[in-house]
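To keep things clear, I will list the structure first and then write my remarks on it.
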Amino acid sequence: MHLRLTAVVLTASASLLAPATAVAAPADEAGPHAVTLTESALEGVHGTAPDATVRNVLTVTASGTGLRVRLSNPSATAALTVRSVWAGLQPSTASPALVPRSNRHATFGFRRAVTIPPGASAWTDPLPLSVRRGDHVAVSVYAPGSPIGDHTFPPPETDTPGSFLSGGPGDAGADESGAAYGAFSPGVLWWADAISAVSAARGTIVALGDSITDGYNAFGGGPRWTDVLAARIGNLPPGRRLSVANAGISGNTVSVQPNPYDPTGQCCGPPAPVRLDRDVLSLPGVRYVLLLEGTNDIGGGDNAPPAPAAQVVGAMRTVAARVHAAGRKIVGATVLPMCNAAGGPKEQARLAVNEWIRTSGTFDAVLDFDSVLRDPADPTVMRADWRSDCYHPNAEGDRLLGESIDLRAFGL
């Protein structure tokens, strides 16, 4: 039986080095196990790393011990040669300084350097480092001359991922004072795409999406809707908690087609079915996938025409079937209003996709995000005070989405 949940509108006042492969979901019995604490899906390759160290900052959504960091090289044609990796705790993204004596020199199979071929990833060995939900983890990577696999789209304004780049040559990963680093670059992350740990959390929810999940244009002083969801789950008793990993990439599509915005293929990540293994099924502890995609397919762009409803539905059905085949559950979210003309082909496609999401029984649960943010006076648009532009909610819209999610969709 499929559980259908309608979102309520709130009143506004593995192996060391391998290509992505499936990792078993955690067992149902109680007890600590490996889960994914945070994620930043990589979008493509942009340039070559200078002789400098990048200090990536990621925020974890559950507590855990024995941290492991994944570095990935999914889109390059050349190897990523990592000479050194450090991981420590950071009190604030306002400064590159770390908590004294928290910095750990990471190893890969007990070696401090690793070469990651194109299309592959590498997990560090477990680090003697513990974190609590909401902690910032600084991952300092020294890989001069390597292709930069990155995530560079503008982030939200609160608890943002981002990075600092050292100002001089050489490995600055051991620097806890932060003196070697320049200013914070919000939304810029190199190579570090996941952190896992042994945790009492029951498992991980991966939000697979585009810019609406990524947090693009979520202006107004609040976190992304995935961060709101993570905070709500974090307030539950420890034995009922799940971590939340954000696999949003701005400009991403759910159907396998040329990207509407980017002829180079390095802007917006591979389509969701192509990156499903890497960004979802290969992560430790995944129990649920939350799919919010389709806006870019239906909207189209200079590089690809608008997709018909059947194309979007077929892609979503493929993703759901593979998630179920891997033993996970998948929650579908309806496509938000896009300012398309009522009765026009784009709006008709969006409505048809949403009707299928709501009624097909393909998903284990449905979150009706469309009904949360649409304007009752004109359902082709989001309410003006909840949107940043035609495609993207603002921070208040993100808050409403995160608060609207019925936690029963995730067995909570």
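The values are calculated or read from the model by the stated rules, or taken from the named source; none is laboratory data. Keep in mind the model is a prediction, meaning the values are calculated, not measured. Methodologically, a virtual Cβ is constructed for each residue, glycine included, from the backbone with ideal geometry; neighbour enumeration extends over all protein chains shown.
Just a few scattered comments:
- Enumerated helices (runs of 4 or more DSSP H) restricted to the range 286-373, each holding at least 1 residues that are touching an Asp or Glu at 6+ places or on another chain (Cβ under 6 Å) and modelled with pLDDT of 95 or more: 295-299, 309-325, 345-359
- Residue in the range 24-41 that is surrounded by 15 or more Cβ atoms within 10 Å (Cβ to Cβ), at pLDDT below 50 and part of a loop (DSSP other than H, G, I, E, B) present: yes
- Test: residue in the range 214-236 that is surrounded by fewer than 19 Cβ atoms within 10 Å (Cβ to Cβ) and of a type in the set (Ser, Thr, Tyr): no
- Among the residues making up the range 51-70, those that are touching a Ser or Thr at 6+ places or on another chain (Cβ under 9 Å) and either more than 26 Å from LEU229 (Cα to Cα) or outside the structural domain of ARG104 (by TED's automatic domain parsing) (or both) are ALA52, THR53, VAL54, ARG55.
- Residues in the range 235-263 that are modelled with pLDDT of 95 or more and not in a loop (DSSP other than H, G, I, E, B): SER243, VAL244, ALA245, ASN246, ALA247, GLY248.
- For the residues VAL228, VAL280, the requirement of being part of a helix (DSSP H, G or I), among the hydrophobic types (A, V, I, L, M, F, W, C) and within 18 Å of GLY134 (Cα to Cα) singles out VAL228.
- Test: ARG358 is buried (at least 21 other Cβ atoms within 10 Å of the Cβ) and of a type in the set (Lys, Arg): no
- Members of the range 136-155 that are modelled with pLDDT of 95 or more and not in a strand (DSSP E or B): ALA143, PRO144, GLY145, SER146
- Within the range 176-210, considering residues that are of a type in the set (Ser, Thr, Tyr) and at pLDDT 95 or above, the one nearest to PRO50 (Cα to Cα): TYR181
- Restricting the range 51-71 to residues that are small (Gly, Ala, Ser) and surrounded by 24 or more Cβ atoms within 10 Å (Cβ to Cβ), the residue that is nearest to ALA174 (Cα to Cα): GLY64
- When PRO306 is tested against (1) over 21 Å from the mean Cα position of the chain (by Cα); (2) within 23 Å of ILE205 (Cβ to Cβ), exactly one condition is not met: (2).
- Checking each residue in the range 185-214 for being part of a loop (DSSP other than H, G, I, E, B) and either within 25 Å of ASP125 (Cα to Cα) or among the basic types (Lys, Arg) (or both) picks out VAL188, TRP191, ALA200, ALA201, ARG202, GLY203.
- Enumeration of residues in the range 157-184 that are in a strand (DSSP E or B) and either in the same structural domain as VAL335 (by TED's automatic domain parsing) or over 18 Å from the mean Cα position of the chain (by Cα) (or both): PHE164, LEU165, SER166, TYR181
- For the range 249-259, the count of residues that are of a type outside the set (S, T, N, Q), under 30 Å from THR48 (Cα atoms) and either buried (at least 24 other Cβ atoms within 10 Å of the Cβ) or outside the structural domain of ASP385 (by TED's automatic domain parsing) (or both) is nonzero.
- Failed item, numbered, when GLY119 is tested on (1) of a type in the set (Gly, Ala, Ser); (2) buried (at least 23 other Cβ atoms within 10 Å of the Cβ); (3) under 20 Å from the mean Cα position of the chain (by Cα): (2)
- Qualifying residue in the range 132-140 (condition: over 20 Å from the mean Cα position of the chain (by Cα) and farther than 29 Å from VAL274 by Cα): no
- Residue pairs meeting the criteria (Cβ under 6 Å; at least 6 apart or on separate chains; first in the same structural domain as TRP86 (by TED's automatic domain parsing), in the range 121-145; second part of a loop (DSSP other than H, G, I, E, B) and among the charged types (D, E, K, R)): TYR142/ARG83; TYR142/ASP171; PRO144/ASP51
- Some residue of the range 81-89 being crowded, with 18+ Cβ neighbours inside 10 Å, touching a Phe, Trp or Tyr at 6+ places or on another chain (Cβ under 8 Å), within 18 Å of ASP193 (Cα to Cα) and aromatic (Phe, Trp, Tyr): no
- Listed by first and then second residue, the pairs with beta-carbon distance under 6 Å, at least 6 apart or on different chains, first residue in the range 272-293 and farther than 23 Å from ARG68 by Cβ, second crowded, with 21+ Cβ neighbours inside 10 Å and among the charged types (D, E, K, R), are ALA272/GLU293; GLU293/ASP210.
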